[in-house]
Structure formats: structure tokens, C-alpha cells
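What follows is a single structure, written as C-alpha cells, with notes after it.
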Amino acid sequence: MSGITFDYNEEYIRGLIYEESDILREIEEFAHKNRVPIVQKETARFLELMLTIKRPLNILELGTAIGYSAILMSMYSSKNSKITTIERDISMIEEAKKNIKKYNLQNRIEIKQGDCLEVLKELKDNEYDFIFMDAGKGHYNHFLPECLRLMNKDAVIVADNVLFRGMVANNELVKRRKITIVKRMRNYLDMVSRNKELITSVVPMGDGIAITTRRKY
Ligand SMILES: C[S@@+](CC[C@H](N)C(=O)[O-])C[C@H]1O[C@@H](n2cnc3c(N)ncnc32)[C@H](O)[C@@H]1O
């Protein structure tokens with residue numbers, strides 16, 4: 001049980017997703033074999049859809065791992081788009097660099113090494129039109145003010161794992177050692193839901209995603 005949806009729905013939805021790309025299939029297989037956490041299939045499809053609708057040119061990702069979602073985003077956005085992705089784990093970065101080079105995406109994807117909060121502080125205001133938050137579940141609330149500064153006026157944030165195996169919505173599921181992450185994730189969801197300048201939709205898909213943008217009207 002994912003703690004988010006019924007297994008039969010999840011399995012059915014995943015069954016509808018046909019992976020056309022050999023590149024992505026290859027990285028997925030490596031990730032599963034080596035227990036590297038990558039975005040879930042239905043969330044990956046949702047990202048592809050968002051990118052197709054939004055057509056961002058400057059994309060920022062928090063959490064590269066081995067480059068799966070960065071490569072996926074490069075494939076589903078314009079050839080002129082650029083992806084900046086942040087990762088602190090050196091061994092992940094090495095593997096991501098190998099994948100990026102293998103598929104000749106060095107001109108499209110730049111990895112910034114370091115802790116997200118530190119790296120975010122170094123980036124320029126209003127620079128990004130799409131942000132994928134997928135690192136440091138216990139710090140989304142700390143990343144948010146920086147992300148709001150970095151977003152241009154039409155930008156979208158997609159934050160993954162916001163329901164965290166059901167623990168965020170249901171106290172009975174909370175494991176003791178995860179209490180801080182859960183509290184901070186609730187804080188993130190409150191921040192993006194209560195801020196009158198923002199509009200957010202929380203979707204119980206994968207491990208839970210929250211999509212946020214600035215209100216226009
Ligand atoms: C879920 S994985 C990212 C998966 C990737 N987005 C994908 O779908 O292919 C999260 C990654 O974030 C990294 N990470 C966690 N906390 C971080 C932080 N505070 N700063 C930078 N990287 C962090 C971890 O090392 C891990 O590789």
C-alpha cells in the first residue's frame with residue numbers, strides 16, 4: 001500500500017503508461033536495480049504533461065539523483081530549454097553526469113553540487129519558469145521563500161512526495177523518526193495553501209504532489 005491511493009488504481013494507471021523512450025527505460029532499470037529513488041511513473045507522466053502545456057525555457061530541479069527526471073524533462077521540453085539541477089551526493093552526481101554525457105545532453109543540463117538551500121541562495125531572481133522540488137522532504141518549507149524569489153511571474157512549482165506515504169494526512173501512519181519531516185511538510189502545504197498570492201492544488205498521485213503558481217486574478 002502506498003498510503004495515498006488504492007493499489008488497484010495505482011497499478012491500473014501505471015499500466016496505461018507506455019514508456020516509449022529506451023533511454024528512460026534503461027535509467028529506470030538501473031535505478032530499480034540499485035535502489036536509487038526516482039520519480040514514480042505516474043508522476044513522471046504528469047511532469048511530461050505539465051512541460052508540454054507550460055513549455056518552460058528555464059527549469060530548476062531540486063534533487064538530481066542519477067539524472068532520470070532531469071533527462072526526462074529535457075526530452076519533454078523545447079530544445080532551447082535549459083535545466084539546472086541541484087544535488088549534494090557526489091556518487092549520485094557522478095552517475096548523473098555519466099547518463100547526461102551518454103545521451104549528449106551536457107548543453108541542456110547543468111548540475112550544481114551542494115545543499116539545495118545554499119545553492120538556491122546563489123541563483124538569480126525571477127530566472128525560472130518551472131521548478132521541480134524533489135529533494136530534502138524535511139526542508140520544502142525552507143526552500144519555498146527562495147523558490148518564490150527565483151520564479152518568474154508565470155512560473156509553476158511541482159513539489160513531489162508532499163503526502164509522504166500518507167503520513168502527512170494521517171497521524172496514525174506517522175513513524176516516530178519521521179515526525180519532523182511530516183510537521184515540516186504540513187508547514188509547506190500550509191504556506192502554499194494560505195498565501196493569498198498563490199494558488200495550489202494537492203493531488204494524491206504517486207507519493208502526493210502539490211502544484212503551485214502565482215494568482216493572476
Ligand atoms: C528522490 S531523489 C531525486 C530523484 C530525481 N529527481 C529523479 O526523479 O530522477 C532525491 C535526491 O535529492 C538529494 N538530496 C536530498 N536532500 C538534499 C539537499 N538538501 N540538497 C541537495 N540534494 C539533496 C538526495 O541525495 C537524492 O539524490
Take the alpha carbon atoms of region 1-63, find their center, do the same for region 149-209, and report the distance between the two centers in whole angstrom. 18
Could you tally the net charge around residue 165, taking each other residue with its Cβ under 10 Å from the Cβ of residue 165, Lys/Arg +1 and Asp/Glu -1? +1
For residue 57 and residue 214 in one chain, what is 0.36 nm times their gap in residues minus the Cα-Cα distance, to one decimal in nm? 54.7 nm
Please find the FRET efficiency linking residue 197 to residue 142, where r is the Cβ-Cβ separation and R0 is fixed at 22 Å, and quote it to the nearest 0.05. 0.70
What relative contact order, as a whole-number percentage, does the chain give when Cα pairs under 8 Å and 6 or more residues apart are counted? 19
Place the peptides 91-101, 2-12 in order of packing, highest mean first, counting for every residue the other Cβ atoms within 10 Å and averaging per peptide. 91-101, 2-12
What span do the alpha-carbon atoms of region 55-131 cover on each of the three principal axes, reported in whole Å from largest to smallest? 30, 28, 16
Please sort 20-33, 199-212, 176-189 by packing, taking for each peptide the average over its residues of neighbouring beta carbons within 10 angstrom, highest first. 199-212, 176-189, 20-33
Please arrange 148, 16 by counting, for each residue, the other beta carbons lying within 10 Å of its beta carbon, fewest first. 16, 148
Region 7-214: projected area of the alpha-carbon convex hull, averaged over directions, in nm²: 11.5
If you take the Cα Rg of region 138-217 and divide it by 2.2 N^0.38 Å, with N the number of residues, what do you get? 1.10
Additional length obtainable on full extension of the chain from residue 107 to residue 13, 0.36 nm per residue less Cα span: 30.5 nm
Students often forget the sequence filter, so: which lysines lie under 26 Å Cα-Cα from residue 101 once same-chain residues fewer than 8 apart are removed? 33, 41, 79, 82, 112
Work from the charge dipole of the chain (Cβ charges, +1 for Lys and Arg, -1 for Asp and Glu, about the Cα centre) and give the residue of 143, 159, 2 farthest towards its positive end. 143
Pull up the cross-link candidates among the aspartates and glutamates for residue 153, meaning alpha carbon to alpha carbon under 20 Å and not fewer than 8 places away within one chain. 61, 122, 125, 127, 129, 197
Largest first and in whole Å, what are the equivalent-ellipsoid semi-axes of region 169-210 based on the Cα gyration tensor, each being the root of 5 times an eigenvalue? 21, 13, 7
For every other residue with a beta carbon closer than 13 angstrom to the beta carbon of residue 131, add +1 if it is Lys or Arg and -1 if Asp or Glu, then tell me the sum. -4
Give me the percent relative contact order of region 51-122, please, defined on Cα pairs under 8 angstrom at least 6 residues apart. 35
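Throughout, read-outs are computed from the coordinates displayed, never taken from laboratory work. Only a predicted model underlies this, so the values are computations on that prediction, with no experimental measurement involved. In this analysis, Cβ positions are derived from the backbone assuming ideal geometry, glycine residues included, and neighbour counts consider all displayed protein chains.
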